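Undergrad: Quick one: the structure is below, questions incoming.
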Amino acid sequence: MTAKTIRTRGGLSLRVAPRSALVVAGLLALALTASVVLIGTGDFPMTPAEVLTTLTGGGTPAQEFIVQDLRLPRVLVGLLVGAALGLAGAVFQSVSRNPLGSPDVIGFGQGSAAGALTVIVLFHGDTFAVAGGAVVGGVLTGLAVYLLSWQKGIHGYRLVLVGIGATAVLTAARDYLMTKADIVDATRSMVWMVGSLNGRDWAQVWPLLVVCGVVFPVVFGQGRSLRMLEMGDDAAYALGVRVERCRLVLVVAAVLLTAVATAAAGPVAFVALAAPQLARRLTRAPGPNLAAATCMGAALLVGADWASQRVFGADQLPVGAVTGMLGGCYLLWLLITERRAGRI
């Protein structure tokens, strides 16, 4: 299907690819449906009809408490974290022009984890202090990787290589912190590092919602410039894109999304890596596919959270363990595919 141009009375125009629009609508519907099913899952099961009735204010007091206070915040955190990681992954893969250029690979998630562990082990901080440490760690890591990658501009492979080096250093720092922790802090750190949505409440929802509400429009507003960047810096310059300024804005936005997502749910693995690639295979469209990657990330994380509660019987796994298992298989498949295509 070819893209169609929609023109408004105000003189604005928007190009819409029908297949991409259908994919985005389908992924959004899938994410919302999975959310309703997930809200009804647990020791107090509810049908989708009962969940919808309760969400619209028609449930019993017990249902209102279970949905509004216990399960809805967890699902919203899952949707927002998945969407943020999917969008951040799409930005990094487009900026680096490399399918492996995701926060999981180039160290930003590890930077947030190292910041959180520093607060846990050295300062014995509470939940909000740990979240703050994760954000600061992610931002500082992003700044360091960007500066170390700079050499008359940012090259995609150089960004990935520097990020891989940063990942190794931060992993070593994280392991060192674990050796200095007492048994209580070590246990708390291990639980946090797996990545989990257990116990999430409205205190995690609102900061995440505010950051996503501010950063998402910035990234989507740079969508056309990001698509030009994928053609190379020279082509983007020729088309009027201020390359370094645009790249800096996008990297800062993606780092913030990664940091706040990690602060809210821990370092959930592989969602940022897999969501943009899966979205691109569904849309079959060139460019970063930002909307599709965002919806794919949300659907993946909510689906993984449902699987973590229902697939493994009485043993409920953290959602990060499920995404890690699935993402590891996907990464092996991606590496084999890229090697056969001669790109690595």
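Undergrad: If I model a spin label at A203 and R340 as a point 7 Å from the Cα along the Cα→Cβ vector, what separation in nanometres do I get?
TA: That separation, rounded to one decimal, is 4.9 nm.
Undergrad: Could you put L76, L70 in order of accessible surface area, largest first, with the 1.4 Å probe and the full protein assembly present? Please report the intermediate quantities before stating the final value.
TA: Values: L76 50, L70 90 Å².
Correct descending sequence by accessible area is L70, L76.
Undergrad: Taking the full set of protein chains and a 1.4 angstrom probe, give the accessible area of T127 in square angstrom, rounded to the nearest 10.
TA: Rounded to the nearest 10, that gives 80 Å².
Undergrad: Radius of gyration and Dmax for the chain's Cα atoms, expressed in Å?
TA: Over the chain's Cα set, Rg and Dmax evaluate to 20.3, 65 Å.
Undergrad: How many angstrom lie between the C-alpha centres of region 39-54 and region 111-145?
TA: After rounding, the separation between the Cα centres reads 36 Å.
Undergrad: Checking understanding here: applying a Kyte-Doolittle mean of at least -0.5 and a length along the axis of at least 24 Å (C-alpha), which whole DSSP H helices in the chain pass? Please list the in-between numbers first.
TA: Values: long enough: 18-39 (32 Å, 2.01); 72-96 (36 Å, 1.64); 127-149 (33 Å, 1.77); 156-180 (36 Å, 0.76); 202-221 (29 Å, 1.88); 243-265 (33 Å, 1.81); 290-310 (30 Å, 0.85); 319-340 (31 Å, 0.93).
Sorted by number, the helices that extend far enough and score high enough are 18-39, 72-96, 127-149, 156-180, 202-221, 243-265, 290-310, 319-340.
Undergrad: Accessible area, 1.4 Å probe, largest first: how do S112, S20 sort? Display every interim value, and only then the final one.
TA: Working: S112 0, S20 25 Å².
Result of the area sort, largest leading: S20, S112.
Undergrad: Rounded, prolate or oblate: which fits region 187-274 when a ≥ b ≥ c are the square roots of the eigenvalues of the alpha-carbon gyration tensor, with rounded for a/c under 1.5 and prolate only if a/b beats b/c?
TA: Values: a/c = 3.74, a/b = 2.28, b/c = 1.64.
Note, shape of region 187-274 comes out prolate.
Undergrad: Calculate for the chain the 222 nm mean residue ellipticity that helices alone would give, adding -39,500 (n - 2.57) per DSSP H run of length 4 or more and normalising by residue count, nearest 500 deg cm²/dmol. Please list the in-between numbers first.
TA: Details: 15 runs with 247 residues, N = 344.
Calculated at 222 nm, the ellipticity per residue is -24000 deg cm²/dmol.
Undergrad: Further question: Between A172 and F220, what is the spin-label point distance in nm, taking each point 7 Å from the Cα along the Cα→C-beta axis?
TA: 4.3
Undergrad: Of all the C-alpha pairs in region 143-295, what % are more than 18 Å from each other?
TA: Percentage above 18 Å: 69.
Undergrad: Roll a 1.4 Å probe over the protein heavy atoms and report the accessible area of R74 in Å², nearest 10.
TA: 40
Undergrad: Could you work out the mean projected area of the convex hull around the alpha carbons of region 193-232, in square nanometres to one decimal? Numbers along the way, then the final one.
TA: On the way: hull surface 18.5 nm².
Its Cα hull, projected and averaged over all orientations, spans 4.6 nm².
Undergrad: Can you compute the charge dipole magnitude of the chain about its Cα centre, using +1 on each Lys and Arg Cβ and -1 on each Asp and Glu Cβ, nothing else charged? Give it in debye, rounded to the nearest 20. Could the numbers behind the result be given before it?
TA: Details: 26 positive and 17 negative charges, 347 e Å.
With only Lys, Arg, Asp and Glu charged at Cβ, the dipole is about 1660 debye.
The values are calculated or read from the model by the stated rules, or taken from the named source; none is laboratory data. Please read these numbers as outputs of a predicted model, since none were measured by experiment. Neighbour counts are summed over all protein chains in view; Cβ atoms, including those assigned to glycine, are modelled from backbone coordinates with ideal geometry. Ligands, DNA and RNA are stripped out before the accessible areas are found, and what is left, the full protein with its side chains, is counted by its heavy atoms. Shrake-Rupley method; radii C 1.70, N 1.55, O 1.52, S 1.80 Å.
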